[in-house]
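Notes follow once the structure below has been shown.
Here, each number is a calculation from the coordinates, and none is a lab measurement. Just so it is clear, the model here is predicted, and its values are computed rather than measured. When we count neighbours, we look across all protein chains shown, and the Cβ atoms used for this are built from the backbone with ideal geometry, even at glycine.
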Amino acid sequence: METVQIDILNPKAKQLLKNLADLGLIKINKRKKTTDFTNLLKTLRNKSDDEISLDEITKEVEQVRSSRYEG
């Protein structure tokens with residue numbers, strides 16, 4: 001299977017695509033719009049081998065808070 005992205009310039013083309021989908025020749029998927037930030041998060045998360053636990057997150061937050069409010 002090959003995936004392509006197209007820009008529809010004419011409404012008639014959209015109807016043609018719907019007809020092809022009805023014939024079972026293609027599948028139309030709706031895409032959510034993603035932001036650069038979302039893409040960055042996905043990239044960073046994919047590079048991580050380990051899943052961080054809630055305890056590790058809590059420890060890190062407490063450490064930052066304590067260093068921030070010292071003195």
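So how do 20-27, 4-11 stack up, highest first, on mean other-Cβ count within 10 Å? Intermediate results must be reported in sequence, preceding the final value.
Working: 20-27: 9.9, 4-11: 7.2.
Packing proxy ranking, top to bottom: 20-27, 4-11.
Could you run the Karplus curve 6.51 cos²θ - 1.76 cosθ + 1.60 with θ = phi - 60° over region 26-36 and give me ³J(HN,Hα) per residue in whole Hz, x for Gly and Pro?
Result, rounded to whole Hz: 9, 10, 9, 10, 7, 9, 7, 6, 10, 9, 4.
On a straight-distance basis, which lysines could pair with K14 in a cross-link, Cα separation under 26 angstrom, same-chain partners fewer than 8 positions away excluded?
Qualifying lysines at Cα under 26 Å: K27, K30, K32, K33.
Taking the Cα centre of region 11-68 as origin, work out the dipole magnitude from +1 charges on Lys and Arg Cβ and -1 charges on Asp and Glu Cβ, in debye rounded to 20.
Working: 14 positive and 9 negative charges, 165 e Å.
The dipole magnitude comes to about 800 debye.
HN-Hα J couplings of region 41-55 from phi, Karplus 6.51/-1.76/1.60, θ = phi - 60°, integer Hz, Gly and Pro as x?
4, 4, 4, 5, 5, 5, 6, 7, 7, 9, 8, 7, 8, 4, 5
Debye sum, Cα scatterers, the chain, no solvent: what log₁₀ I/I(0) at q = 0.17, 0.25 1/Å?
With no solvent term, the Cα-only Debye profile gives -0.87, -1.13.
Once label points are set 7 Å from the Cα along Cα→Cβ at both L20 and K59, what is their separation, rounded to one decimal in nm?
Result for the modelled spin labels: 5.3 nm.
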